Amino acid sequence: MRPSRNGKAVLLSLALAAVLTGAGSCEVSSTPGSAGPTTAPTGGATTGGGTSGNAGAALDSLTVASAGSMSGYSREKFTHWISQGNGCDTRDAVLKRDGKNVKVADGCKITSGSWYSPYDDKTLTNPQDLDIDHMVPLAAGWRSGANKWTDEQRKQFANDMTRPQLFAVSLQSNRAKGDQDPSTWKPPNRAYWCTYAQDWVTVKSFYKLTVTQAEKTALADMLATCK
């Protein structure tokens with residue numbers, strides 16, 4: 001015996017309800033990670049914030065606010081460099097990751113290699129000519145929300161090798177940058193502006209840090225150079 005039209009409607013309603021119930025049990029979050037991961041970051045940096053469109057959308061999602069006070073700030077509140085295993089600290093690990101033909105002596109002392117500094121388009125062979133740059137400087141992080149973090153959260157931010165936060169660059173370019181955001185300092189190598197802006201947005205998005213209006217405008221201008 002075939003079911004009536006009303007019977008078919010009931011069956012279809014029950015099937016649809018079962019599908020919707022099953023779908024409700026699986027949630028997918030599109031929001032960035034919470035500020036200050038509670039576990040030590042591992043692995044290589046993920047450079048580049050994706051396409052300019054994705055980075056632009058992420059930039060638009062950031063909270064715009066005035067720069068906070070530097071009251072209470074000190075670099076010691078962002079413990080670095082921490083051990084990364086095998087006798088290496090974070091600085092050593094970044095030099096090993098970012099260099100080519102890197103030679104390491106006892107105690108994880110980096111003795112030689114070749115490093116490309118994208119900020120100023122230079123290749124360097126003496127590890128003493130390199131600094132490890134925080135994409136979002138520690139002081140810039142403090143002014144945009146890190147002042148409210150715990151010391152443990154600030155330590156993770158200062159040693160994060162998972163996000164595009166740490167890079168081996170020329171000492172000169174790192175010192176010129178200091179704690180400035182893109183509204184007052186951009187890499188001399190204009191060809192790197194797209195990647196630099198993507199990375200900056202990636203870090204600020206993950207850690208839920210704010211941006212100033214001038215900073216947001218500068219980042220948008222830099223993302224406009226993406227091809």
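Points to keep in mind about this one:
- Distance from the stretch 139-189 to the stretch 55-99 (C-alpha centre basis), Å: 5
- Subset of Lys122/Lys155; Lys96/Lys227; Lys77/Lys177 violating a 27 Å alpha-carbon distance limit: Lys122/Lys155; Lys96/Lys227
- Based on Cα atoms of the stretch 52-198, Rg over Rh with Rh as the Kirkwood radius reads 0.97.
- Farthest toward positive dipole pole in the stretch 130-227 [+1 Lys/Arg, -1 Asp/Glu at C-beta], among Ala158, Val169, Gln198: Gln198
- Over the stretch 183-222 - Rg/Rh using Cα atoms and the Kirkwood inverse-distance radius: 0.95
No value in this document is a laboratory result; all are computed from the given coordinates. Since the model is a prediction, treat every value here as computed from it, not as a measurement. Please note: Cβ atoms are built from the backbone with ideal geometry, for glycine as well, and neighbour counts cover all protein chains shown.
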